[in-house]
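Following: one structure in structure tokens, then a few remarks.
The values are calculated or read from the model by the stated rules, or taken from the named source; none is laboratory data. Just so you know, these numbers come straight off a predicted model, no measurement behind them. Ideal geometry is used to build each Cβ from the backbone, glycine not excepted, and the neighbour counts take in all protein chains shown. Surface areas here come from the heavy atoms of the whole protein model, side chains and all, with no ligands, DNA or RNA. Shrake-Rupley method; radii C 1.70, N 1.55, O 1.52, S 1.80 Å.
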Amino acid sequence: MDTTHKQQYFSNELLAWYLRHRRDLPWRRSRNPYYIWISEVMLQQTRVDTVIPYFHRFIERFPTVEALAEAPEEDVLKLWEGLGYYSRARNLQGAVREVHERYGGIVPDNKEEISSLRGVGPYTSGAILSIAYNKPEPAVDGNVMRVLSRYFLIEEDIMKPSTRGIMEKLAKALIPEGAAGDFNQALMELGAMVCKPRSPNCLTCPVMEHCSAREAGMEEQLPIKKKAKPPRPEQRVAALITGSGDHQGKVLIRQRPQEGLLARMWELPHTEVPFTYMAASPSSPELIPESFKLLTDQLAEETIGIIPERWFMHAEHTFSHIHWDMDVIACRLEPGIIPSPAGMLLPSHYQWVDSATMDNFAFPNVFLKILNAYFAACTEL
DNA sequence: AACACGGGGAG
DNA sequence: CTCCCAGTGTT
């Protein structure tokens, strides 16, 4: 079978399959480029089922380019809470502000301008141009690379940037005349619903008949992918500082720095401790002091004196590159360090919150879990 | 080219 | 539990 026929068969069958089997997803109910853009940024590294509720809340609160451009950044971060990769939210708002100011609120419809926006890389630009404007641009994500590597039996390592180029060229050549948006979505839909990472489901695949990987019995081995490095472990100790007096029933939180991991999110005060220090546990809370002193010293530099009261809980959290192993210690403020009235000298990036007011701050999931566990325990008493 | 950057689902 | 998923920006 010659190459062009194999390609034409693929494009035609896949497109026909998609038109019959496409899922009814919220962002497929319009061709509003702004909605498509929001959805594509949310879908970066994130599953459809996870994104759906976030997408609804987001467009309800920020229905237009103008609404998002004029919103406070904290509001955007709060709506992104739990979705991860928070720079996506900040870059998105920055780019939307640029579209608002420079392009009169109209999302650009050409590669040059749209690619210059923060957070819009090769995948997202292709997705927006094809889905919102039906421009014949490829949108190569992980699904697409998996499907193409199997159907065309491509044994290049998909983690290599050079493989992207090969895939984009191929994906572009496959786009049927006038059907870029539907075809690109068809490719991703097949990867998500049929040609899945660990189960190719060939028997239900619309292009099985000419799939090279299946013919070679290679469908389970593709795509070829170099293994990622395991996350490096970090031991951490956090202080759950409970208030008294005016702050009875509240907990002290702080905001993270402008840049880096979980930038500008809120957290419990905590610090990394060396592994040579034993972790605490309910059975051996006496092992706390060495590691706890590091936290005490760090907070003392910010004029906050704490006294440990009891071990509260253990929390683990895995990022793609770091694993946190965290002990949470319930503490009270040391009298005399914070002068009366209490909290007067609290640094501005610190705040007291209770279970109601914590809704005003965006937290990474690991701290959300700890705070919810604490306030739930308080309610039981 | 290598690394930073979250969080969730499947088996 | 282990493994998998894989866009964009920075260096």
Answer from A:E220, A:E209, A:E301 - the residue that is among the charged types (D, E, K, R) and assigned by TED's automatic domain parsing to the domain that holds A:V147 | A:E209
Is it the case that the range A:212-231 has a residue that's more than 25 Å from A:K111 (Cβ to Cβ), without any contact (Cβ under 8 Å) to a residue 40 or more places away in the chain, more than 12 Å from DNA strand B (Cβ to nearest atom) and touching a helix residue (DSSP H, G or I) at 6+ places or on another chain (Cβ under 6 Å)?
-> no
For the range A:8-39, which residues satisfy the criterion of being polar (S, T, N, Q) and either at pLDDT 95 or above or outside the structural domain of A:E60 (by TED's automatic domain parsing) (or both)?
-> A:Q8, A:S11, A:N12, A:N32, A:S39
The number of residues in the range A:49-72 that are surrounded by fewer than 18 Cβ atoms within 10 Å (Cβ to Cβ) and within 16 Å of DNA strand C (Cβ to nearest atom) is 2
Scan the range A:308-327 for residues that are within 10 Å of DNA strand C (Cβ to nearest atom) and open to solvent by 70 Å² or more (accessible area, probe 1.4 Å) and jot them down.
-> A:E316, A:T318, A:S320, A:H321
Is it the case that some residue within the range A:270-290 is modelled with pLDDT of 80 or more, within 16 Å of DNA strand C (Cβ to nearest atom) and either farther than 22 Å from A:W352 by Cβ or touching a Gly at 6+ places or on another chain (Cβ under 7 Å) (or both)?
-> no
All positions within the range A:122-156 that are within 13 Å of DNA strand C (Cβ to nearest atom), open to solvent by less than 30 Å² (accessible area, probe 1.4 Å) and in a loop (DSSP other than H, G, I, E, B) = A:P138, A:A139, A:V140
Taking A:G104 as the residue in question, decide whether it is surrounded by fewer than 23 Cβ atoms within 10 Å (Cβ to Cβ), more than 10 Å from DNA strand C (Cβ to nearest atom) and on the phi > 0 side of the Ramachandran plot.
-> yes
A:E215 is checked against (1) under 23 Å from A:W17 (Cα atoms); (2) open to solvent by 70 Å² or more (accessible area, probe 1.4 Å); (3) within 24 Å of the chain's Cα centre (by Cα) and fails just one. What number does that condition carry?
-> (3)
Return yes when A:T242 is open to solvent by less than 60 Å² (accessible area, probe 1.4 Å), assigned to a strand (DSSP E or B) and without any contact (Cβ under 8 Å) to a residue 60 or more places away in the chain and no when it is not.
-> no
Would you mind telling me which numbered condition in (1) open to solvent by 20 Å² or more (accessible area, probe 1.4 Å); (2) within 16 Å of DNA strand B (Cβ to nearest atom); (3) not in a strand (DSSP E or B) A:F275 fails?
-> (2)
Kindly establish whether A:A173 is more than 14 Å from DNA strand B (Cβ to nearest atom), of a type outside the set (V, I, T) and more than 30 Å from A:L295 (Cβ to Cβ).
-> yes
Looking only at the range A:170-200, and only at residues there that are of a type outside the set (A, V, I, L, M, F, W, C) and not in a helix (DSSP H, G or I), the one that is nearest to DNA strand C (Cβ to nearest atom) = A:P197
